[in-house]
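Asker: Take this structure, written in C-alpha cells, and hold onto it; I'll ask about it next.
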Amino acid sequence: HAIFVLIYGKVVYNYSNYLNLSVYKDEFEKMSINEIINGSKDDKFPGLINIMLQYLESVNIDIETRYHLEKYIEFVGMRA
C-alpha cells in the first residue's frame, strides 16, 4: 500500500500505511509534482521521466515508436 499526501503543494510518499510513521520518518520525502516527474535537483530521486527513458533504452522497439514515445514523455515533463 502506498501513501501519497498533498501538503501545501508538496507530495509526501511512503510505501506502506501500516507503518508506525514516526519510526520511519526518514523514508519520507517532500516532493513537488515536478520533482516526481522530472527528478529532484539534488539527484536523490531520478524522476519518473528518467526511469521511463531508461526502460525505453532496455526494450527493443522500432525507431518511430520510440520517437513518438519520447516526444510524449517530453511533453509530460514540460507540463509538470
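Asker: Where in region 33-80 are there trypsin sites (Lys or Arg not before Pro) that are in a DSSP coil and have at most 11 other Cβ atoms within 10 angstrom of their Cβ?
Answerer: Counting only loop positions with at most 11 other Cβ atoms within 10 Å, the trypsin sites (Lys or Arg not before Pro) in region 33-80 are 41, 44.
Asker: Okay, next question. Around residue 32, which amide H atoms from residues at least 5 apart in sequence, or from another chain, sit under 5 Å from its own amide H, with H modelled in the peptide plane?
Answerer: So residue 32 has HN proximity to 11.
Asker: In addition: Highest mean first, what order results for 72-78, 46-52 on Cβ atoms within 10 Å?
Answerer: Values: 72-78: 12.9, 46-52: 15.7.
For the peptides 72-78, 46-52, the packing ranking is 46-52, 72-78.
Every number in this text was worked out from the coordinates using simple rules, so none of it is lab data. Only a predicted model underlies this, so the values are computations on that prediction, with no experimental measurement involved. So basically every Cβ, Gly included, is an ideal-geometry build from the backbone, and we count neighbours across all protein chains shown.
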